[in-house]
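K.L.:
What follows is a structure written as structure tokens; I'll ask about it next.
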Amino acid sequence: MTRRTAPSLLLACAAALSLAACGGDGDEAATSAATTAGTSASEPATAQPCETRPATEPAPTEVTTDETLAPDVPPSDAPPPCGLVISDVLAGNGAEAVDGTTVAVKYVGAFYETGEEFDSSWSRGDQETLPVTLGAGQVIPGFEQGITGMREGGRRMVTMPSDLAYGDQGQGPIPGGATLVFVIDLVQVG
């Protein structure tokens, strides 16, 4: 076990409690949460002022389009966006994810400023997916909004302010005010 593995295992346990409180269904993959080593909800996030951006932006070239690989989230020194920002890394050509549909996704979650990964379905195996019924409130609002409109086979980077994630209070190990980034692969609609 490496220095990084032990904290990751502890964080995965804490994560399960956190998303469960946000309306998850108890599924282990659906109940993971955000954290970074050395940061807790009791420590305020060092939030910088947000900036208004378009709802869609080009994806950073550092995010791989190879869906057989877990993507890395690049760090950013730019002010975080005030609203949800969607960047399609790879456009899918399958069925569209709309309210009421159940989708299976793979994802990597990271903190906006550092790119430090806090959760990933990939860490539980290459074939591990998270089932989400859109419109049911099973996951944080920014995650659900980021999936809506994707097409099967697509990869999307979703940057969300804290009010679409865990808010100013945080949740469990997630610090309040955290801007989060998820790279989401839409594996299946149906």
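K.L.:
Using a 1.4 angstrom probe with every protein chain in place, what is the largest-first accessible-area order of Arg53, Arg151, Arg156? Display every interim value, and only then the final one.
P.N.:
Numbers: Arg53 55, Arg151 100, Arg156 20 Å².
Solvent-accessible surface, decreasing: Arg151, Arg53, Arg156.
K.L.:
Quick one: net charge of Ala104's neighbours, Cβ under 11 Å, K/R +1, D/E -1? Spell out each step's value before the answer.
P.N.:
Details: positive: Lys106; negative: Glu128, Glu152, Asp185.
For residues surrounding Ala104, the net value is -2.
K.L.:
Taking the simple approach of a point 7 Å from Cα along Cα-to-Cβ for both Asn93 and Gln188, what is their distance in nm?
P.N.:
Placing both labels 7 Å along Cα→Cβ, they lie 2.2 nm apart.
K.L.:
Calculate the spin-label point distance for Thr148 paired with Ala78, positioning each point 7 Å from the Cα along the beta-carbon direction, and give it in nanometres.
P.N.:
2.4 nm
K.L.:
Here is a further query. How large is the charge dipole for region 39-190, taken about the Cα centre, if only the Cβ atoms of Lys, Arg (+1) and Asp, Glu (-1) carry charge, to the nearest 20 debye?
P.N.:
On the way: 6 positive and 22 negative charges, 60 e Å.
Dipole about the Cα centre, nearest 20: 300 debye.
K.L.:
Additional query: Pull out the extension gain between Thr56 and Gln127, defined as 0.36 nm times the separation in residues minus the alpha carbon to alpha carbon distance; nm, one decimal. It would help to have the intermediate numbers written out before the result.
P.N.:
Working: separation 71, 0.36 × 71 = 25.56 nm, distance 2.84 nm.
So the chain would gain 22.7 nm between Thr56 and Gln127.
K.L.:
Quick one: grab the alpha carbon gyration tensor of region 59-102, order the square roots of its eigenvalues as a ≥ b ≥ c, and give me rounded if a/c is under 1.5, else prolate or oblate depending on whether a/b is larger than b/c. Before the final figure, lay out the partial values.
P.N.:
On the way: a/c = 2.68, a/b = 1.32, b/c = 2.03.
Oblate shape, in that a/c is at least 1.5 and b/c is the bigger or equal ratio.
The values are calculated or read from the model by the stated rules, or taken from the named source; none is laboratory data. Computed from a predicted model, the values in this text were never measured in an experiment. Here the Cβ is made from the backbone with ideal geometry for all residues, glycine too, and neighbour counts use every protein chain on show. With ligands, DNA and RNA removed, areas are computed over all heavy atoms of the protein, side chains included. Shrake-Rupley method; radii C 1.70, N 1.55, O 1.52, S 1.80 Å.
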